[in-house]
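*Asks:* Structure incoming, see below.
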Amino acid sequence: MYNCCINIKKNNHQIYINLTEEGKKRAGWLQVDCLRIKEPRKWDGMWRMVMFDISRLKNIYREAFRGKLKELGFFPLQKSIWIHPFDCQDEIGLLREFFGFSEKEMRLAVAQNIGRDDWLKKVFRL
């Protein structure tokens, strides 16, 4: 099982272990699979909005990305604009890299004022 994921080389008395390309892919899946957004004790009053415009040619990636946003607790404002109240810059950056999306295809915006947000505060129990 692990033979396809790691390379083990011995040079004199030193042993070197590193990931193969397949191992890097599997490690990426594990990292994305275990991804969670930490909830601070107190909300900072800022909204995080992920906006994306991903080609139909990448439909599978787009749908998987949407599923991951939902799993992470994001709420859809529109089909391609999802919102979350807590800091998620690192997590979104990891997802962008994992799915291979460009800055043009996916953006993270942080805003304090998004208009009437009382209903969103109820959604997120803030």
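*Asks:* Could you please give the count of residues in the stretch 41-82 that are among the hydrophobic types (A, V, I, L, M, F, W, C), more than 13 Å from the chain's Cα centre (by Cα) and closer than 24 Å to residue 116 by Cα?
*Replies:* 6
*Asks:* What number goes with the only condition from (1) surrounded by fewer than 11 Cβ atoms within 10 Å (Cβ to Cβ); (2) modelled with pLDDT of 85 or more; (3) assigned by TED's automatic domain parsing to the domain that holds residue 84 that residue 41 does not pass?
*Replies:* Answer for residue 41: the failing condition is (3).
*Asks:* Just one of 57, 95, 108, 35 is among the aliphatic types (A, V, I, L, M) and at pLDDT 95 or above; which is it?
*Replies:* One residue alone meets the criteria, 108.
*Asks:* Among the residues of the stretch 103-126, write down those that are part of a loop (DSSP other than H, G, I, E, B) and of a type outside the set (Lys, Arg).
*Replies:* Within the stretch 103-126, 103, 105, 112, 113, 114, 115, 117, 124, 126 qualify.
*Asks:* Tell me whether the stretch 86-102 contains one or more residues that are of a type in the set (D, E, K, R) and over 22 Å from residue 42 (Cα atoms). Outline the logic, then answer.
*Replies:* If we filter the stretch 86-102 for residues that are of a type in the set (D, E, K, R), which is where we start, we get 87, 90-91, 96-97.
Those left that are additionally over 22 Å from residue 42 (Cα atoms): 96-97.
Yes, because at least one residue in the stretch 86-102 is of a type in the set (D, E, K, R) and over 22 Å from residue 42 (Cα atoms).
*Asks:* Those residues that are small (Gly, Ala, Ser) and touching a Phe, Trp or Tyr at 6+ places or on another chain (Cβ under 6 Å), I need them from the stretch 73-115; list them, please.
*Replies:* Filtering the stretch 73-115 down to residues small (Gly, Ala, Ser) leaves 73, 80, 93, 100, 102, 109, 111, 115.
Those that are small (Gly, Ala, Ser) and touching a Phe, Trp or Tyr at 6+ places or on another chain (Cβ under 6 Å): 80, 111.
*Asks:* Return the residues of the stretch 54-80 that are surrounded by 11 or more Cβ atoms within 10 Å (Cβ to Cβ), in contact with a helix residue (DSSP H, G or I) (Cβ under 9 Å, 6 or more places away or on another chain) and among the charged types (D, E, K, R); say none if nothing qualifies.
*Replies:* Selection gives 58, 62, 68.
The values are calculated or read from the model by the stated rules, or taken from the named source; none is laboratory data. These figures come from a predicted structure and were not determined experimentally. Heads up, the Cβs are rebuilt from the backbone with ideal geometry, glycines too, and the neighbour counts pull from every protein chain shown.
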